[in-house]
Amino acid sequence: MKNAEIPILGFAAFSGTGKTTLLTKLIPLLKQTGLRIALIKHSHHNFEIDKPGKDSYRLREAGASPVMLVSSHRRAMITEFDSIQEPKLSDQLKILDQSELDLILVEGFKAENFPKIELHRPSLNYPLIFPNDPSVIAIATDSTLSVSGSLPHLNINDPQLISHFIINAFL
């Protein structure tokens, strides 16, 4: 993946499959091993992280871009895009300081070419992604799949197993 200076691993699935739920369980397990982890999440929605009436919102609305909010606890940078278009993962990697990270996890960006674990729940009746995406390195599911191929099958409900796969087979 262009602009990736460290390993990058995506979690690809259709909406409602449980990407965020799995990642919230997986990240602490990976951090327990000493890994320093960043996450990039693709949203298909227009979102606001600051609120109307707040100084940062007013300054952005006045035309400042980017606007950086900083406190003793965290930092956020809000950048307005000149044109409305789907973001590219490589562009996001370009602005992410990767110097103190070991792994970048990505939620979404399923149409882009980088290593991914596909999350699949047959009960949701969505098609599998991996037959059309050679960058899928494993499938995490909640049932037995009758598909050909040599992709590892992981239990989507076992974050410990998935963390072992990431550490031992991916990293």
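The values are calculated or read from the model by the stated rules, or taken from the named source; none is laboratory data. Predicted model, so just to flag it, every value in this text is computed and none were measured. Cβ: placed from backbone, ideal geometry, glycine included. Neighbour counts: every protein chain shown.
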> Given (1) under 19 Å from PRO87 (Cα atoms); (2) part of a helix (DSSP H, G or I), where does PHE11 come up short, assuming only one miss?
Replying inline: (2)
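I'd like to check something: does segment 55-63 contain any residue that is within 15 Å of the chain's Cα centre (by Cα), loosely packed, with under 10 Cβ neighbours inside 10 Å and part of a loop (DSSP other than H, G, I, E, B)?
No: segment 55-63 contains no residue that is within 15 Å of the chain's Cα centre (by Cα), loosely packed, with under 10 Cβ neighbours inside 10 Å and part of a loop (DSSP other than H, G, I, E, B).
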> Could you list, in sequence order, the residues of segment 19-46 that are in contact (Cβ under 8 Å) with a residue 24 or more places away in the chain, within 15 Å of SER163 (Cβ to Cβ) and in a helix (DSSP H, G or I)?
Replying inline: LEU22, LEU23, LYS25, LEU26, ILE27, LEU29, LEU30
> Is it the case that some residue within segment 110-127 is closer than 20 Å to LEU26 by Cβ, surrounded by 16 or more Cβ atoms within 10 Å (Cβ to Cβ) and modelled with pLDDT under 95?
Replying inline: yes
> Looking at segment 64-94, which of its residues are touching a strand residue (DSSP E or B) at 6+ places or on another chain (Cβ under 6 Å) and either of a type outside the set (S, T, N, Q) or exposed (fewer than 10 other Cβ atoms within 10 Å of the Cβ) (or both)?
Replying inline: PRO66, VAL67, MET68, LEU69, ALA76, MET77, ILE78
> For residues in segment 128-165 being of a type in the set (Gly, Ala, Ser) and surrounded by 18 or more Cβ atoms within 10 Å (Cβ to Cβ), which is farthest from GLU112 (Cα to Cα)?
Replying inline: SER163
> Which of the following residues is without any contact (Cβ under 8 Å) to a residue 40 or more places away in the chain and farther than 30 Å from THR33 by Cα: PRO152, PRO127?
Replying inline: PRO127
